[in-house]
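Read the structure below first, then the notes.
The values are calculated or read from the model by the stated rules, or taken from the named source; none is laboratory data. Keep in mind that what you see is a predicted model, and the values were worked out from it rather than measured. Quick reminder, even Gly has a Cβ in these numbers, built from the backbone with ideal geometry, and neighbours come from all protein chains shown.
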Amino acid sequence: MSTWYLKKQDASEYGPVELQVLCQWAADGRIDPTDEVSTDKESWRPAPDLPELKMVWLVELRDGRMYGPIHILAVYELFADGAASPEAKLIIRPKKPSAETAVEDDLRRLLAEKAEAAREAQETLAEQRREIAALKRDLMQGRARADYLGRKVNELAERTRVGERENVSLKRRLMLATAKEEYYRRKLYLLEQQLGVRPAAALSAGGGVGADRR
């Protein structure tokens with residue numbers, strides 16, 4: 001047996017209760033004509049549209065307004081409270097054509113489906129926003145990493161250029177030292193010839209400078 005929920009105009013909800021209890025509420029006048037009922041708290045319908053509640057009576061209040069539809073026992077509660085005169089006009093609500101009722105049911109179902117689709121769309125949008133935020137964070141971190149690596153590459157390139165310049169300088173100094181060495185070799189050769197000493201390049205093992213003087 002299904003259970004029912006009652007929603008008042010101020011959005012307060014009651015239940016779940018069995019249908020028998022809901023019918024007793026209608027008889028006690030606890031269910032107003034503008035209240036709604038539901039079995040799943042998703043799809044709501046006007047309480048008077050539930051045939052089991054027998055909310056089909058409209059009563060004329062003392063100020064001349066028609067109030068209803070309500071249960072016949074709830075009408076007697078209005079008499080007892082003085083809200084309506086015992087001589088007040090009573091009207092039974094005509095039954096709606098079945099086609100009209102079916103259209104209203106279809107409309108309610110479509111509205112419920114639309115509300116569910118809107119809820120799912122909101123959840124999807126929220127999830128997509130979270131994913132976008134995560135991607136932005138990853139992108140920012142990637143950019144920071146790329147900037148760091150770029151600086152490291154520039155530093156390495158600068159160190160390479162400095163090393164190349166130092167290498168060129170060392171090569172030049174080596175060439176200069178080699179040239180100086182050759183220069184002093186020639187001077188030494190000429191000096192040995194002037195002194196009558198066999199050139200050092202022609203000396204055999206054991207000979208020294210000045211060892212074979214004439």
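So here's what we get for this one:
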{"quantity": "Some residue of the stretch 92-99 being at pLDDT 85 or above and closer than 30 Å to TRP44 by Cβ", "calculated": "yes"}
{"quantity": "Any hit, the stretch 102-116, residues being at pLDDT below 85, loosely packed, with under 10 Cβ neighbours inside 10 Å and in a helix (DSSP H, G or I)", "calculated": "no"}
{"quantity": "Filter pass, ARG198 being out of contact with any strand residue (DSSP E or B) (no Cβ under 8 Å at 6 or more places or on another chain) and modelled with pLDDT of 85 or more", "calculated": "no"}
{"quantity": "Residues satisfying the stated conditions in the stretch 9-40, i.e. of a type outside the set (Asp, Glu), loosely packed, with under 12 Cβ neighbours inside 10 Å and not in a helix (DSSP H, G or I)", "calculated": "GLN9, ALA11, SER12, THR34"}
{"quantity": "Leading residue by the ranking (farthest from the chain's Cα centre (by Cα)) among those in the stretch 66-80 that are among the aliphatic types (A, V, I, L, M) and in a helix (DSSP H, G or I)", "calculated": "ALA80"}
{"quantity": "Selection from the stretch 48-83 of residues that are among the acidic types (Asp, Glu), buried (at least 16 other Cβ atoms within 10 Å of the Cβ) and touching a Leu at 6+ places or on another chain (Cβ under 8 Å)", "calculated": "GLU60"}
{"quantity": "Tabulated pairs, the stretch 43-55, first hydrophobic (A, V, I, L, M, F, W, C), second surrounded by 16 or more Cβ atoms within 10 Å (Cβ to Cβ) and part of a loop (DSSP other than H, G, I, E, B), C-beta under 6 angstrom, 6+ apart or interchain", "calculated": "ALA47/ILE31; ALA47/ASP35; MET55/HIS71"}
